[in-house]
Amino acid sequence: MHLHDHDENNAPNQARTAKPTDPDAHLAKGAPGAQPPLEQEGAHAGNRHKTAAGYSSIYETAHFGIREMGVERTFQTLLKINQKDGFDCPSCAWPDPDGKRKTAEFCENGAKAVASEATRKRLTPEVFANHPISEMLEKPDFWLEEQGRITHPMIRRSGSDYYEPISWDGAFDLVGRELRALDSPNEASFYTSGRASNEAAFMYGLFARQFGTNNLPDCSNMCHESSSTGLTEVIGIGKATVKIEDFAHADSIFVIGQNPGTCHPRMLTELQKAVQNGCRIVSINPLIETGLMRFKNPQKPLDLLTHGTDLACLFLPVRINGDVAVLKGIMKEMLEEDDRTGGKVLAHDFIDHHTEGFDEFARDIRAESWDRIVHDGGISRDLIHQAAKIAMESERMICSWAMGITQHRNGVANVQTIVNFALLRGQIGRKGAGICPVRGHSNVQGDRTVGIWEKMSPEYLAALGKEFHFSPPEKHGFDTVCTIEAMHQGRVKVFIGLGGNFLSATPDTRYVAEAMQRCRLTVQISTKLNRAHLITGEQALILPCLGRTERDLQKSGAQFVSVEDTTGVVHQSHGSLAPASEHLHSEPAIIGGMAMATLNGSTTVDWQGLIENYDRVREHIEHVVPGFTQYNVRVRQPGGFYLPNAPRDGKFKTPSARAQFKVHEIPRHELKDGELLLTTVRSHDQFNTTIYSENDRYRGVSHGRRVVFMNSADMIRLGIEKNQWVDLVSHFESETRRAERFEAIPYEIPEGCAAAYFPETNVLVPIRSVAEGSNQPVSKSIVITVEPAGRLDGNVHNLSESSKPAASLVAG
């Protein structure tokens with residue numbers, strides 16, 4: 001495979017005129033091209049790195065940055081990441097230190113996200129003209145990412161196999177015409193990625209509601225919706241209750257269903273501080289991940305020359321979705337010890353005065369069978385006892401988690417079981433203690449705070465209506481799953497995506513591709529090319545926007561935006577680089593342009609005024625959203641400000657003003673002979689759906705991504721040889737789905753379990769397989785069987801028609 005890089009200094013190839021074809025050509029049964037092409041050569045499986053960061057991280061950061069940005073631009077840009085006078089990292093939402101910050105306040109993965117955005121490569125109209133969509137669909141995601149920053153607004157006209165440039169006014173007019181032509185505002189859906197700023201998100205939600213719909217799905221619907229749902233019910237808020245400083249004061253930290261070394265690498269610095277202060281870290285996760293084994297801090301020369309810091313002192317390699325069983329076992333040990341010691345283990349005063357539901361909860365725990373706990377959790381009673389001992393000896397304990405907890409059918413129950421664990425010893429509302437769902441995208445939490453949700457509260461809607469003198473729709477809108485189903489059924493005809501890669505981030509890839517193809521118009525507000533730009537509605541727009549790293553100049557002068565991190569800190573972010581193209585617009589300007597073209601004289605909002613000065617947007621947020629008093633003043637303070645968080649202060653805004661113990665059964669997975677439970681994971685050289693390379697040094701994989709990690713005993717039992725090509729077939733109710741050609745690699749994972757990378761395995765996740773209570777897709781406990789793969793002949797494989805190369809998607 002040859003990658004063709006394009007930058008602003010490359011002379012473009014001779015442009016070809018976009019040629020119209022069959023107007024229905026974009027419709028294709030099974031949506032071939034929805035997934036990248038299959039690998040013909042296998043990945044290399046070697047020795048995994050067992051130390052996180054260190055020299056390898058320094059090399060990877062510098063190598064990637066210089067390749068994308070050049071030497072001077074690399075240092076100029078990286079030293080501005082997460083600084084009080086710089087820009088917020090566009091990757092994860094790990095909080096910044098409250099006080100003094102290091103010169104280099106970033107991790108390898110954050111640096112790669114920044115370098116990817118600040119690359120010198122450019123995707124110009126000439127490049128689009130030389131690459132029909134049908135050709136680009138045959139390219140891997142890595143190739144799409146490598147094409148660089150999109151420089152002009154582009155349109156795919158009905159029946160065309162090419163994108164061509166369009167003026168901003170023309171693009172806005174098309175959006176306005178299509179939206180106004182709908183029979184109902186609810187035939188449009190407005191999706192938001194976690195990259196969008198508070199200002200852009202507030203304007204976007206306002207636009208949708210002035211148009212007349214609450215169809216505001218977001219990426220949180222797919223990652224931490226179970227956290228938001230579960231936490232709000234039991235403690236009154238769907239956010240973390242800790243500050244970053246609490247980690248340094250914790251006696252123990254339980255990291256559950258989370259791989260911080262890959263997904264939140266800056267968290268390792270706080271874990272290192274905690275360990276050096278005497279904290280004990282317990283990892284509960286099916287895979288023993290490098291990031292919790294040992295850490296060499298790249299900013300500490302002695303770390304690089306020595307052993308580094310061992311982080312987790314105890315690993316519990318739980319069976320996939322065995323977390324409730326293991327946590328119940330730990331809590332059963334705690335209750336039994338409390339009984340033996342006459343009530344000296346549990347925080348009885350806290351339980352009596354600040355919680356309810358304990359008696360029923362305790363009865364359930366005491367009645368739980370040890371045999372079932374050990375069997376369903378996959379962890380010995382001795383290891384469970386060791387974990388319980390650590391919890392009982394901890395005056396201050398933090399529990400953190402991520403999608404290994406939330407993306408199960410019982411995701412809400414998983415979250416609430418963690419809360420039960422914390423409540424037993426009153427580990428919420430005290431320094432060095434609390435709960436921490438770690439968000440995976442830089443402002444996904446802030447977007448929700450300022451109004452991106454399909455079912456915002458009546459109080460929020462009333463305040464928004466009062467501020468702008470209109471009546472917002474009251475009916476709840478579509479979340480992500482409901483939006484997909486509505487598009488597939490023809491009930492949503494216009495899809496607008498504010499950032500993200502909707503096609504690759506969502507479950508049931510082929511179903512989603514078919515759904516998007518049934519739209520009249522799909523609009524993507526983006527910085528770089530991804531697969532969602534290639535599987536489109538009858539018409540499609542790409543509207544290129546400024547990135548976090550870039551200067552944003554509007555009529556009133558230079559602007560900044562603001563974001564909210566995992567711990568509820570709101571702070572400013574302003575870029576320093578020149579925009580990648582003079583034709584780019586900011587996200588607020590794009591949203592305002594679409595709103596003015598759509599709403600015409602019916603709007604009560606001064607959209608142009610909001611575009612010209614983002615202070616005006618923040619003034620409106622202050623009037624609508626609690627906690628933003630003096631927003632424009634406080635956000636200008638170095639480091640920003642904390643939003644109110646009642647549980648952090650020991651108060652619970654539940655109907656009873658008490659935290660809730662909840663009883664949950666241990667989930668059962670009745671696997672048939674030959675079936676395994678699959679979890680999807682991220683490689684180390686990946687951020688969400690963005691692939692930086694096909695390597696994963698923390699798991700010993702290089703030059704490929706289509707691998708399935710299996711227990712050696714399972715491979716022997718199923719007759720699968722090391723490095724054999726296999727197909728993964730998921731089973732849900734009476735349905736099967738197939739992901740073809742994965743290389744089987746023996747790995748340390750519990751028997752009966754397997755793991756593979758997303759988004760390649762999203763095709764296995766049924767659209768109807770969702771978490772109870774949150775409607776979040778179930779991507780972490782997928783029932784599969786493993787079958788020998790068919791042969792590849794040249795570029796076309798002898799397998800099912802649905803995943804042949806995508807040249808047939810669009811006649812050309």
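The values are calculated or read from the model by the stated rules, or taken from the named source; none is laboratory data. Since the structure is predicted, the reported quantities are computational estimates derived from the model, not experimental observations. Because the Cβ atoms are built from the backbone with ideal geometry, glycine has one as well, and the counts that use them run over all protein chains shown. Heads up: the accessible areas ignore ligands, DNA and RNA and are worked out on the full protein's heavy atoms, side chains in. Shrake-Rupley method; radii C 1.70, N 1.55, O 1.52, S 1.80 Å.
Within the group 157, 177, 195, 209, which residue is out of contact with any helix residue (DSSP H, G or I) (no Cβ under 9 Å at 6 or more places or on another chain) and either under 20 Å from residue 495 (Cα atoms) or surrounded by fewer than 19 Cβ atoms within 10 Å (Cβ to Cβ) (or both)? Walk me through it before giving the result.
Details: 177 fails: out of contact with any helix residue (DSSP H, G or I) (no Cβ under 9 Å at 6 or more places or on another chain); 195 fails: out of contact with any helix residue (DSSP H, G or I) (no Cβ under 9 Å at 6 or more places or on another chain); 209 fails: out of contact with any helix residue (DSSP H, G or I) (no Cβ under 9 Å at 6 or more places or on another chain).
Just a single option satisfies the conditions, and that option is 157.
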Mind checking whether some residue in the stretch 251-272 is touching a Leu at 6+ places or on another chain (Cβ under 7 Å) and either farther than 25 Å from residue 393 by Cβ or free of Cβ contacts under 8 Å to residues at least 12 places away in the same chain (or both)?
-> yes
When the stretch 672-691 is examined, which residues are found to be of a type in the set (Ser, Thr, Tyr), open to solvent by 10 Å² or more (accessible area, probe 1.4 Å) and over 12 Å from the mean Cα position of the chain (by Cα)?
-> 679
Helices (runs of 4 or more DSSP H) (entirely within the stretch 427-541) containing at least 3 residues that are within 30 Å of residue 131 (Cα to Cα) = 480-488, 502-505, 509-517
In the stretch 373-391, anything in a helix (DSSP H, G or I) and within 33 Å of the chain's Cα centre (by Cα) is listed as 373, 374, 375, 376, 377, 383, 384, 386, 387, 388, 390, 391
Candidate set: the stretch 466-506, residues that are surrounded by fewer than 16 Cβ atoms within 10 Å (Cβ to Cβ) and either in contact with a strand residue (DSSP E or B) (Cβ under 6 Å, 6 or more places away or on another chain) or not acidic (Asp, Glu) (or both); chosen: the one farthest from residue 221 (Cα to Cα) = 469
Could you tell me whether the stretch 270-285 includes any residue that is open to solvent by 10 Å² or more (accessible area, probe 1.4 Å) and under 19 Å from residue 567 (Cα atoms)?
-> yes
Matching entry among 250, 325 (being at pLDDT 95 or above, open to solvent by less than 10 Å² (accessible area, probe 1.4 Å) and within 18 Å of residue 95 (Cβ to Cβ)) = 250
Among residues belonging to the stretch 63-75 that are open to solvent by 40 Å² or more (accessible area, probe 1.4 Å) and within 23 Å of residue 296 (Cβ to Cβ), point out the one that is modelled with the lowest pLDDT.
-> 75
What single numbered condition from (1) out of contact with any Pro (no Cβ under 6 Å at 6 or more places or on another chain); (2) small (Gly, Ala, Ser); (3) open to solvent by 10 Å² or more (accessible area, probe 1.4 Å) fails to hold for residue 378?
-> (1)
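Identify the residue in the stretch 715-761 that is among the polar types (S, T, N, Q) and within 14 Å of residue 784 (Cα to Cα) and, among all such residues, is most open to solvent (accessible area, probe 1.4 Å).
734
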Residue among 368, 337 that alone is in contact (Cβ under 8 Å) with a residue 12 or more places away in the chain, open to solvent by 30 Å² or more (accessible area, probe 1.4 Å) and not β-branched (Val, Ile, Thr) | 337
Which one of these does residue 111 not meet: (1) surrounded by fewer than 21 Cβ atoms within 10 Å (Cβ to Cβ); (2) assigned to a helix (DSSP H, G or I)?
-> (1)
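Do we find that residue 704 is touching a helix residue (DSSP H, G or I) at 6+ places or on another chain (Cβ under 8 Å), small (Gly, Ala, Ser), within 23 Å of residue 785 (Cβ to Cβ) and open to solvent by less than 20 Å² (accessible area, probe 1.4 Å) in this structure?
Numbers: touching a helix residue (DSSP H, G or I) at 6+ places or on another chain (Cβ under 8 Å): no; small (Gly, Ala, Ser): yes; within 23 Å of residue 785 (Cβ to Cβ): yes; open to solvent by less than 20 Å² (accessible area, probe 1.4 Å): yes.
Answer is no for this residue.
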